[in-house]
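The values are calculated or read from the model by the stated rules, or taken from the named source; none is laboratory data. Predicted model only: the values in this text are computed from it and were never measured. Heads up, the Cβs are rebuilt from the backbone with ideal geometry, glycines too, and the neighbour counts pull from every protein chain shown. Just so you know, the surface numbers come from the protein's heavy atoms only, side chains and all, with ligands and any DNA or RNA stripped out. Shrake-Rupley method; radii C 1.70, N 1.55, O 1.52, S 1.80 Å.
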Amino acid sequence: MSHLAPTLPVPVGVPAELTIVMVNYHAGTLLVDALGALAAAPPDCTWHAVVVDNSPGDGTAELVGARFPQVEVLSNPCNVGFARACNQVLRGCRSPYVLLLNPDTVVQPGALARLRATLAAHPRVAAVGPRLLYPDGRYQHSAFKQPGLAQAFFGFFELVPLDHPWNGRYPVPTSDAPRAVEHLLGACLLLRREALVDVGLLDEGFFIYFEETDWCARARRRGWELWQVPAAVVVHHSGGTTRAVAEAMSLEFHRSQARFYRKHYGLGGYLVLKALAVAGVGWRLARSVVATLRRRIPPALLAERLPVYWGIVRA
């Protein structure tokens with residue numbers, strides 16, 4: 001594996017044109033691969049990387065320190081959530097560009113240069129995101145309409161495919177031309193520091209999920225634009241660090257969803273979402289019970305889901 005030292009000339013503490021922020025939560029070898037990809041095809045500007053470790057004791061921080069000694073590692077005593085971990089770096093960052101990058105990504109050669117060039121050329125664009133691909137080469141949606149009640153409805157009842165336009169997805173890009181969108185996925189999100197100063201940091205009330213959605217909504221309200229740049233390609237192992245705790249993450253998703261709707265749509269929007277949640281949880285519970293009776297899922301999984309369903313209703 002390539003070593004970061006030859007391609008990371010800016011020491012920690014010295015201002016760089018680009019700061020890369022990666023939050024680790026039991027990412028392990030995925031994080032090592034992500035850093036290796038950056039070493040193999042580094043940005044075309046001065047840069048440094050910071051890993052915020054939210055999983056102390058699992059050995060990942062020590063692995064990064066041994067393999068990539070010029071990457072700064074900030075270790076938290078516990079999992080403080082994605083937004084708070086990012087803000088630990090964003091709060092003191094002085095780079096004109098800041099990249100939020102998931103540890104389960106593999107940045108392809110030239111992607112960061114294309115993202116940065118787009119921001120440099122368009123001063124009213126607050127943030128840009130790439131074309132995300134699954135490891136098998138399939139397109140992964142990373143540009144969305146701002147969440148509304150239709151998306152919440154289809155999210156609970158799954159009456160249309162996940163990538164359907166009614167579910168807030170933009171069509172798959174047919175060219176490499178950048179396009180304006182309403183919000184971008186935080187797996188790989190290049191931010192303009194000037195916009196960060198204007199819009200503010202991530203809302204730490206979101207433990208995980210919806211923090212970038214909220215930031216994008218606030219940015220657009222301030223008159224900023226958000227663009228997807230399909231010419232910049234990043235491979236994303238979607239859910240690579242949360243798949244082992246899928247039920248717990250489902251609850252966190254719905255807690256953050258409730259916070260987002262209350263914050264951006266007021267009490268009325270939140271109450272409609274609550275009604276959808278009650279109906280949706282009832283539907284999910286019925287399906288889980290039937291699946292258990294038919295032995296499609298083990299009783300232990302049903303028992304694991306029950307407190308999650310209750311938590312969603314209470315969110």
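Observations, loosely collected:
- Selected residue (criterion: nearest to Pro171 (Cα to Cα)) from residues of the stretch 78-135 that are of a type in the set (Phe, Trp, Tyr) and over 14 Å from the mean Cα position of the chain (by Cα): Tyr134
- Among (1) over 15 Å from the mean Cα position of the chain (by Cα); (2) assigned to a loop (DSSP other than H, G, I, E, B); (3) of a type outside the set (Lys, Arg); (4) within 30 Å of Ala27 (Cα to Cα), the one test that Ala232 misses: (2)
- Taken as a whole, the condition of being within 20 Å of the chain's Cα centre (by Cα), in contact (Cβ under 8 Å) with a residue 12 or more places away in the chain and not in a strand (DSSP E or B) applies to Leu196.
- Selection within the stretch 156-169 - under 21 Å from the mean Cα position of the chain (by Cα), open to solvent by less than 40 Å² (accessible area, probe 1.4 Å) and more than 14 Å from Val272 (Cα to Cα): Asn167, Gly168
- Restricting the stretch 179-201 to residues that are closer than 30 Å to Arg138 by Cα and in contact with a Lys or Arg (Cβ under 9 Å, 6 or more places away or on another chain), the residue that is surrounded by the fewest Cβ atoms within 10 Å (Cβ to Cβ): Glu182
- Taking first residues from the stretch 113-125 that are surrounded by fewer than 15 Cβ atoms within 10 Å (Cβ to Cβ) and partners that are not small (Gly, Ala, Ser), the Cβ contacts under 7 Å between residues at least 6 apart in sequence or on separate chains come to Arg124/Trp224; Arg124/Glu225.
- Just one of the listed residues (Val64, Val98) is open to solvent by less than 70 Å² (accessible area, probe 1.4 Å) and without any contact (Cβ under 8 Å) to a residue 60 or more places away in the chain, namely Val64.
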